[in-house]
Structures are given as C-alpha cells and as structure tokens.
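In what follows, a structure is listed as structure tokens, so that the remarks can point back to it.
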Amino acid sequence: MWMAVHVASARIWSRGLQKAWSTWGCRLCSQSSSSTQPSHHPRTQAEKAKRRQAREKAILSSDVNDPGLIWSDKEKIAYTAALVPGEKKDTTLPFPQSYSPEYVEFGWYQWWEKQGFFSPQQHSKQPHAVDKYFSFCIPPLNVTGTLHLGHALTYRRCFGSRRMQGYKVLWLPGCDHAGIATQSVVERKLMREQGKCRRDYSREEFLKQVWRWKNEKGDEIYHQLRKLGASLDWSRACFTMDPGFSSAVTEAFVRLCDSGLIYRSEGLVNWSCALESAISDIEVDSKELSGRTLLSVPGYQHKVEFGIMLTFAYPLEGQEGEVAVSTTRPETMLGDVAIAVHPDDPRYKDLHGKHCRHPFTERLLPIVTDSMVDVTFGTGMSFILTPAHDHTDFLLSQRHSLPRLTVIGGDGTMTSDCGQWLEGVKRFDARECVITALMERKLFRGKKDHPMSLPICSRSGDVIEPLLKKQWFVRCQEMGRKAVQAVEEGDLQIIPHFYTKMWKSWLSNISDWCISRQLWWGHQIPAYRVTVENSKDTEEEQWVWGRSAAEARQRAAVKFGVNPDAITLTQDPDVLDTWFSSGLFPFAMLGWPQQTEDLKQFYPNSVLETGSDLIFFWVARMVMLGRELTGQLPFKQVLFHSDKYGRKMSKSLGNVIDPLDVISGVSLERLQGKVREGNLDPRESVVAMEAQKKDFPKGIPECGTDALRFALCSYKAQGEDISLSVSHVLSCRHFCNKMWQTVRFTLATLHDASLPTSLAEVGQCFTSILNFTLHCVLELTEMSVKLMDNVMCNELLFYGFIFYSVSQISKYASHSYLKYIVYSLCNALLYTLLSLVSQRNLQKLKGFLPVPLLHKNLLLWAVCAPDQAETLLHFRSAVCTLGQISALHLHCPETGFTDSPPPPKASAVGVVDHSICLHLSIQNSINADKQRALLSQRREKLASKLKQALARTQTPNYAEKVPNRVRQETENKIAAMEQELKNIGDQLSALEETRGKKSN
C-alpha cells in the first residue's frame, strides 16, 4: 500500500585451435567475472529505482556520434527457377558469383519439413544412431505476439548437432493462448469494427469470435519460426487450448485439489479495473515516479495526479487530540479500520487501546500495537490499516482480527460502504472528493512530492488496485522447498550459477499463488458451486471439482450424503491463470496424463533456455508442478539470458528486435518508428531510441537466417548479457560468404582436377587427410579438459573444431580429392549452424563426388607418446572412417607398448602435432622413382623452411624480444621439420635398399 504517518509508507519486505579458441570459443564459454555479476538478493523499490536509473544513465551517456560500422547494401539475387513449395531446389544451376541470403535460403525449409527431417522418427533410419535422446520444449509463445531476439536466443540451441551425433531429437513447438492479451485484442477489434463490447455477446458467442481471430491471425509467430530455420517437429505442434492439452489442465487442477494443494479462499489480488480481472505478478510493471506526475489512466478524460503524499488527521475519540496520518491514496481512507503503532514507541504509549473516529463513516478505529511498525523510519511510524486494499494491511488484519471493508469495486467505482455521496464514483474522481471533504472539515494537513513506485497493468495500462476477492490459490511452500532442494542437491542446474541465490531466496519465502482470472478466454476452472435441494445453509459456499460435470456431481453426492439428483452445480465462470497451463507444458505437450510413447521417451526434457525475467513466474512453476504431478523434474538444466543492459527483453522496454528485421534488414528510422508506435512514456521512448542509436547506428543490413543463427550461437552461453552488434552479425554473413566462395573455388578445381593415379599419390593424399584429422583431434582433446562438462560447452567445443578446421584447410589440403573431402566435411559439420548455405553447398558438391579410394589393405601406424595413444585409441574408429583406411595401429617406443608389429620401413611417413609419426603402408604397389622424386622435392622445401626458422632464432636479442609462447611454437616447428627430414631420409634409404634388392 502507499500509506504512512507523516513521512512515507513503511511496508515490510525485507594461433592453432588454441588461437582460434582464444578469439572465438573462450569468449563463448567463459563465466562472467565475479565483479560483473549482479547481486540477486531481494531489493527494495528504492534499490530497484536506483539500478534502473543507473541503466538509463549508461544508455543516455553512450557515445552515439560514432559513425559505427560502415556497410553498404549488397546485391540481392533471387532464385528464379520454378519451384513447387516442398519440392527440392535445382542445385545444378550455375553458382552465382556473390553470396545472397535470399537466393541461398529460398525453398529449403519447405523441403526439409515435407521430408520429415525434424521428426524423431528419422532416428531409426540413421546408421550412426545411438540410444540417447535430446528433447526441448519451446517456451510457449504468446498467440497474439511476434518473435523478438529474446525468443530467437532460445532457438540458438543447435539441435542439428545432436542429430548428427546420433541422438533421437525432439524439438516441440507450442503456442500459449495468452488469456488476457488475446481477449483484449479481440475486444478492441470488435469495438473498432462493430462498436460492440464483450458484454454485448454471450460467452459462447464471444469465444467463437476469439477462435475465429486465432485461426486467422494466430499462426504468424509460426511463420517467423520457420523463417528462422528452427528444426521443430511441426507434426506435434501444441496449443494450450487444444482438447488434449485442456484435458491435461483439468487433470492437473483436480489432482492438486485432491491433494490439498489447491484451495479456495478470500485474499488480495492484483486487480485491473480496466480488464475487470485479477492478473499475475508478471503482468504488473512498476513505474518509478520521482515526485508529482500526471498520468493517463484508462477510463479518464483528464490525467490523474500521482507521486503526492497527503497528510490528514483522525480525531481521537473521547479526548482532545488527533493522530496525523499520510497516504498517497486518500480514496481508500473510507476503508480504514485501524491505526497501528509500535508497542515500544514512547510517543504513542498513552494511545494504546484508544480509538479514533472516522470523519465520514463515524466508525471507531482502534489503535493497535504491532512490532512490524518501524520506529526508526523518519519521525517514527504509525500507519492506517486498510486490509481490503493493501497486502501488508491484510496480514496485520489477520493478526488483530480486524474487519475488511472493500470500498472500491471490480469496475473501479466506489462501493456502498463509502456512503451515498461516493457510491458509484470512479476511484480517482473520488480522490478529489475526499480531499475536498477533508478540507471542509479542517482535517487536511498538507501534501508534498513523494517518490514512489506505481504498479501498472502491462496489458491495459491501468493502475493496479489490490482487491479482496474469493479466488482459487495454490499452496506453494512445500513445492517451493522441493524446488530449492533440487538445485542444492545438483538435480537441477541453473546457468548462470548466480541465479541460484535468487532462486533459493524467492522460493524459500514464496506466497500462495492466485490462479483465478475473471476472463472468458481460457481454461474454465473445473470447479462447481454446489446447491443442495432444501438445504438451510445458503450463505456458506460449497465447492466440488471434477474432470467433468458428471464426476463433480458424484463427488458432491458423496461429500454431502445426498442423492445426485438433488444437487445443482454451477461451474465457476472464472478461468485459470495462463501461467498455470504454461507450467504444465514440458509434460502435457507429450500427452500427459496418458503414458504415451513420447512421454516415456522424451520426458524429462534435456534443457530449458528462456529469459531471466521468467525465473519465478514460469520456470519455478514448471519445476514445482512437474515434480508434484509427474514425480520428476521437467528438465535437468536451465539457461537464462537478458539484454546487454541487464533488462529483460520486452516490448514495454522498447528493447526488442524482430529477428526478421535482422534477416531481411531494416533502417534505424523503422526501428525507432516501432518504438514510437508502442505505448512507452516519453522518457522510456528516449532511452529505448538512444540504445538503438548506439547499437544499430545505421540500422541492420540484410544478413540472412544463417548469419543470425551463427551470431546468436557465438554468444557467451553461460552468461546473461546479450549484445547483438551489427558488426558481429555482418561478420557472420561474411563467414557465410567465405563458405560460398570456398565451394565455388572447389568446384572450379574439381572440374579440371584428376584423381590420384598411383598408390604413391594415394599415400600422400591419405597421409594429408590423417594429418588434418589427427591434428584437430589432439588439439581438440587438449582444449576440452579446460572446459566445463555441460551441454552448451560441448556444443561450442564442437563448433570450435569446425571453425578451426575451415581455417586449416589451406595448410593440409594439397590435393583436389582432399579438398573435396575437407570442404564436404566442413559443410556437413557447419550444417547445424549454417543450415541453408551448407545445404546448398553440399548438394552442389555431390555432383563432383570422386570415385571412392578406399583400399582394404591400407594400414596406418601412429608412433606416439602414451597419452597421445590413449586419445587416438578413443578416436580410432573416427580416424579410420575419415582417413579411409582399414586399420590404425599404435606404437609407443617410450613404454614399449604396441598393438602390432612395427611399421614397415618402405612406407609413406608424415608428422602431425610435432610429435606423432604416421606410417602409411603402400609398399606393395609403389612407383619408387616417382616416390623418390616427391620425397626429394619435399626434402628441399623442408630444408629451406628449416633454414629460415633457424635464422630467426639467431637474430640479436631473440630471447628478449620474442614472447615465450612464440619461441616455444618456433621450437616445436623446428623439431617437427627436423623429424620429418629424418623420416624422409629413412624413406629414401628404404627405397634405395628396395631398388638394390630388385636389381640383384
């Protein structure tokens, strides 16, 4: 509440892969430093206001005069060939010279969807399938809304990587019926088009209008998801008002009622008078006021004054004197029932047990004592109690058995308890009436500016009114305790980790959850008021619940011991809070309560990713309901994110970006036009537009779906801050262009290239392939031990390997066939990130597939250290597959370990990772003269490089000028070249020996 005595209201709420990874991967997985991690202890409104002001100052003080990234529009190339939707594109067409997202991305998604590539049923058709699953439910989207980058962040998870690893993957789409938002949209539509309001229709007629709107407009968000390339199984798309899901909601309500976790009681709720409904906490925004402020309120022609503290007096009963009290809402003083003081405050010792007389109702107001009153605040506190209109006062009224008078009705007008002079008057008009009346009675003591936080309904813009209503509530204390325990025991992992403190603090002090909503659109509560024929008790409400009216009737008959025919049932007209049905999504989407195959295979979900603002209002409730109704946590890991300024991504903050704007491009003017079209107040609009100027000074160029997905995936996975810079998205588009141009170059090479004609060339080719493969495997293994073992790090490690692999192609790919293998492999691996451009490249490369070169008798020996042998043993199967060899033998001279005879002398030898010697057996069919020529050429080239490297180490002050890391790298290269020269010498000697034997 916003009341206080004298001062204010006191309310008691107390280089190689290493280099590539250092510049790309490490910034993805590193935890935020502790110095930058925000504290998540519960904050007072003043602290929240201070933090918000600091964020706004940071935005407004940013340097927006920097011209930023200079970019120009690229040529757009359209795919002009005839294409039936769902059919495969013709990839035999000439390759355009420049990369154009519009050309590349056109048509592929429809073909993927028609082929059923996103269905888990594809798993059984894969030769690399493993007995593991990966499931993820999309956070159900608001049917009235559109996607922004906050949503797109959730879809950065690369499900393709799990499919390529052989997992059985289910990514399930869903849409939320969004009770308040949808009903408001349809009501405005009907008023605009037909001049009618909801009450002009019957409930059934109005719901038909809502369903008509949903069928016409509700699939727009699915179009955006398809445009993002999300690999969702659309055959399982779920809507929370579908019959199956509705049955799950009913089942959950009944089970929770039966277990005593849902009950009906009178309690204070957040009430929107404009909507005439209770709303959830997540739908309440706090508007910070620094002092007197005039605001527009729905239903009022003039602006209403807020941010003012008024002081008036209550005269003492039976003696001279008065008690001065202060309030920001004088209209609620008609509902005052008592005055509270601290029992140890000496100023009020003589008033204990006394009364004051209400000047308008003549009601006596007892002066009660309570230790909740803060005597250290200002001049000392006493405050008036209005239990029916303030949460704290409601709790105090329970402790002191005080009455509760509702003086403001659900429509925002004053009730009959105020007297005839105010009955039916709108609440903020009544405010002026009360002030005037106080002045007339000489009880008005003044007013002053008062900083305050004003609760605003995010749906209607109305000022929230706490009202006392009989509603259905969920008991949350025990479920909250179990949710805390799940995190403490490691069953549920929250990332970033610092949210665990916030999780524990909130759930340890959780209050019961009001789930009633006074709407028509939604799941009507499956509870029925019972009227028994000839019953004398007509005042007390009697309720039963059931999966159907028939079941409820049987329950009532048993409960009251009467014939079912003597019972009249009236179903509660209210609907359930949308968050209640959303809380069931992870398991209801899989067919719960039936034990479906999907539920058995894919529940619990593997992971959840969502905005940090939903940690309590959705995530915590999913955890509580999932554990209570299924006996299992709904997921094992939760990842949270927000924007770069620590704000949630919200239209009400003006910091949302339509991902389609990033895909297709948008000007800064249009971005700011979207802010102006919103309902932000002037200051918030300024803050939002200044942030846009800094982040997107020249707007956003056309980047395409692949570039956006790659950009999102490259962000820090375990931190909460997201900063989408134009330069980064453009760099991802440039990477797509490099992949495009690489394939164009490869195709041109393959047109003229000949395949290896001798086994000597084959040996050289295979050794190069294995050098490439093993080099990546070993360095990748070395890096992996430095990273945490979690889902996202594993994925990022995987993409770090891909990113590095592409950068190393020119180092190892000296043969056209190897180019084909490497480019195809890289495009295949990048498919999970750059699905569209990789798909086009792979299809094009298929037309140049060379004749298979696999020889059953090709054997490879790796002479290495024990730890390297252990790594190679683990990856032996992969090396044989990628290297197209029949066997990989390991030989460790240091320990004497070997799993085969030593490698033959007459073999192709290569060095990888500066320390591993690879021996490829090709001695049975070798062109010795040609092999000698190749080895001699290689020796000359290596000798020259070695001479240059040694010369660099002999420059003056080499040790002082060159960093240790660089010196170590140089030494390793020198050692590798010396070893390779020795190997070449050994091979030449073996060839001479072989020739000598043949001549004899």
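In this simple spin-label approximation, Ser235 and Asp986 carry label points 7 Å from Cα along the Cα→Cβ vector, and these lie 5.6 nm apart. Surface analysis of segment 308-450 yields an accessible area of 41 Å² per residue, using protein heavy atoms and a 1.4 Å probe.
The heavy atoms of Cys864 present about 10 square angstrom of accessible area, all protein chains included, probe 1.4 Å. A 26 angstrom limit on the alpha carbon distance is what I want to check against. Which of Lys214/Lys600; Lys303/Lys694; Lys930/Lys982; Lys214/Lys674 exceed it? Checking Cα-Cα distances, Lys214/Lys600; Lys303/Lys694 exceed 26 Å.
In whole percent, how big is the carbon plus sulfur part of the accessible area of segment 308-450, probe 1.4 Å, protein atoms only?
Working: 2940 of 5930 Å².
Carbon with sulfur: 50 percent of the solvent-accessible area.
Choose one of Gly446, Thr327, Leu385: the residue whose Cα lies farthest towards the positive end of the charge dipole of segment 308-450 (beta-carbon charges +1 Lys, Arg; -1 Asp, Glu; about the Cα centre). Of Gly446, Thr327, Leu385, it is Gly446.
Work out the FRET efficiency for Lys448 and Tyr263 from their Cβ-Cβ distance, taking R0 = 51 Å, and round it to the nearest 0.05.
On the way: r = 43 Å, r/R0 = 0.85.
Between Lys448 and Tyr263 the formula returns 0.75.
With R₀ set to 60 Å, the beta-carbon distance separating Lys559 from Ala887 gives a calculated FRET efficiency near 0.20. Remark: segment 308-450 projects, on average over all directions, an area of 8.5 nm² (convex hull of Cα atoms). If you take all C-alpha pairs in segment 461-586, what percent of them are over 18 Å apart? Tail of the P(r) past 18 Å holds 67 percent of the pairs. For Ser401, project a label point 7 Å along Cα to C-beta. Then give me every residue of segment 354-371 with its amide nitrogen under 16 Å of that point. Once the point is set 7 Å along Cα→Cβ of Ser401, 366-369 turn out to lie under 16 Å by backbone N, inside segment 354-371.
Between the beta carbons of His302 and Met439, assuming R0 = 22 Å, the FRET efficiency works out to 0.65 to the nearest 0.05.
Its relative contact order, with pairs defined as Cα atoms under 8 Å and 6+ residues apart, puts segment 308-450 at 28 percent. Between Thr955 and Lys208, the distance separating the two model label sites (each 7 Å from Cα on the Cα→Cβ line) works out to 8.6 nm.
Indicate, rounded to the nearest 5 percent, the antiparallel portion of the DSSP beta bridges found entirely in segment 308-450.
Of the beta bridges lying entirely in segment 308-450, close to 90 percent run antiparallel.
Measuring spread by the Cα atoms of segment 125-251 yields a radius of gyration and Dmax of 18.3, 62 Å.
In angstrom, the C-alpha Rg and Dmax of segment 247-288 are 14.4, 42.
A protection proxy built from the mean count of other Cβ atoms within 10 Å ranks the segments 210-219, 172-181, most packed first, as 172-181, 210-219. With the charge dipole of segment 171-256 set up from +1 on Lys and Arg Cβ and -1 on Asp and Glu Cβ about the Cα centre, the Cα lying farthest toward the positive end among the listed residues Gln209, Ala230, Val249 is that of Gln209.
Ordered from longest to shortest, the equivalent ellipsoid semi-axes for segment 320-371 are 20, 13, 10 Å, each the square root of 5 times a Cα gyration tensor eigenvalue. Ranking Met502, Met309 from most to least accessible surface, computed with a 1.4 Å probe over the protein chains only, gives Met502, Met309. Eigenvalues of the alpha-carbon gyration tensor of segment 485-526, scaled by 5 and square-rooted, set the equivalent ellipsoid semi-axes at 32, 12, 10 angstrom, largest first.
Residue separation of Ser505 and Leu93 scaled by 0.36 nm, minus their Cα-Cα distance, works out to 142.2 nm of gained length.
The values are calculated or read from the model by the stated rules, or taken from the named source; none is laboratory data. Every value quoted in this text rests on a predicted model; they were computed, and no experiment measured them. As a convention, Cβ positions derive from the backbone with ideal geometry for all residues, glycine included, and neighbour counts pool all protein chains shown. For the accessible areas, the whole protein counts, side chains as well, though only heavy atoms, and no ligand, DNA or RNA atoms are used. Shrake-Rupley method; radii C 1.70, N 1.55, O 1.52, S 1.80 Å.
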